[in-house]
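The values are calculated or read from the model by the stated rules, or taken from the named source; none is laboratory data. Everything numeric here is computed off the predicted structure, so don't read it as measured data. FYI the Cβ positions are ideal-geometry reconstructions off the backbone, even for glycines, and counts take in every protein chain you see.
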Amino acid sequence: MSQKLILVPVDFSKVSEVCVNHAYSIAQRVGADIHLFHLVDGEKELESGKAQLEAFRKDRQAIEGNAVTFHQSVEVGNILKAIGQKAEELKVSLVVMGTHGLQGLEYITGTHAVRIVGTADVPFVIVQEKEISPKGYENIIVPIEIEAESKQKFVLVAQMAKTFDSAVHLVMPYEKDEFRRNAQKRNLNYAEGFMRDNGVNYTATIADPENDDLDEAVEQLVKEKNGDLIAIMNWHETRYIGGIGTDDTQDIIINKEMVPVLVMNPTLIGVSYLLTQ
């Protein structure tokens, strides 16, 4: 088994197929294995769940290819707790999760996705029903926030960009408050320097003064730059003042363009080795 492992929770829906599609593309490039994880309501459903998961794996592997090794498991559990627990148990490097379905117990909206991310010490890629392009993530959209902790995501963003030869597009929402605006500018300057130092192609945009809504600024840049991945921090558990609010986080996760979202919790350490050689 590879030391690098990507966890993919599945419920056999269309979005689960798309999750495997994204996970396979990442795994193939970084030399990781994929672990498919299915949850059932009770012990009586375990055997049927195992049979379904085996059929699902064979079907996905026939479509995606044999360049990546698959593992799988079925357990009884609640999605809001079990995914984070499984990620910790397996010491995975990344979770690729859909925003809908997941075993049929609950409809995974942006709200539930944010809560699940908060239970794990690894980054997530949260997808809807849009498959990854053959070239992977070519344009990564990165909103600039005021917290110093938000700088943590730049390491993972730069590594993702180098893995896929992506361009990074930094966007700073317009901030009326001078103190907050200056904090944003410091983080923007840091981000630009970090991308330059790591040889990453990037652009920087300050949103229109009439548009101080973060998720709208992100959505606009997604359209302008043909963005195919958005990178944000999850502030739901920490509730930092001035960070991306829970509502903004949810709106970005379920964005209308169905662009996948790379989400990580603040103060995460030791998780970016997935994308290293």
- Residue count for the range 122-146, restricted to those that are assigned to a loop (DSSP other than H, G, I, E, B) and crowded, with 18+ Cβ neighbours inside 10 Å: 8
- Among helices (runs of 4 or more DSSP H) completely within the range 1-107, the ones holding 2 or more residues that are polar (S, T, N, Q), crowded, with 19+ Cβ neighbours inside 10 Å and touching a residue at least 40 places away in the same chain (Cβ under 8 Å) are 14-30
- Message: Take the residues in the range 147-157 that are surrounded by fewer than 24 Cβ atoms within 10 Å (Cβ to Cβ) and among the aliphatic types (A, V, I, L, M); name whichever of them is farthest from Lys135 (Cα to Cα).
- Response: Ala148
- The number of residues in the range 204-233 that are under 9 Å from Val171 (Cβ atoms), part of a strand (DSSP E or B) and at pLDDT 90 or above is 2
- When Ala191 is run through (1) modelled with pLDDT under 95; (2) surrounded by 16 or more Cβ atoms within 10 Å (Cβ to Cβ), the failure sits at (1)
- Message: Of everything in the range 195-219, what is surrounded by fewer than 18 Cβ atoms within 10 Å (Cβ to Cβ), in contact (Cβ under 8 Å) with a residue 40 or more places away in the chain and within 17 Å of Asn139 (Cα to Cα)? Give them in sequence order.
- Response: Asn198, Asn201
- Could you list all residues from the range 147-172 that are over 15 Å from Ala231 (Cβ atoms) and not aliphatic (A, V, I, L, M)? Asp165
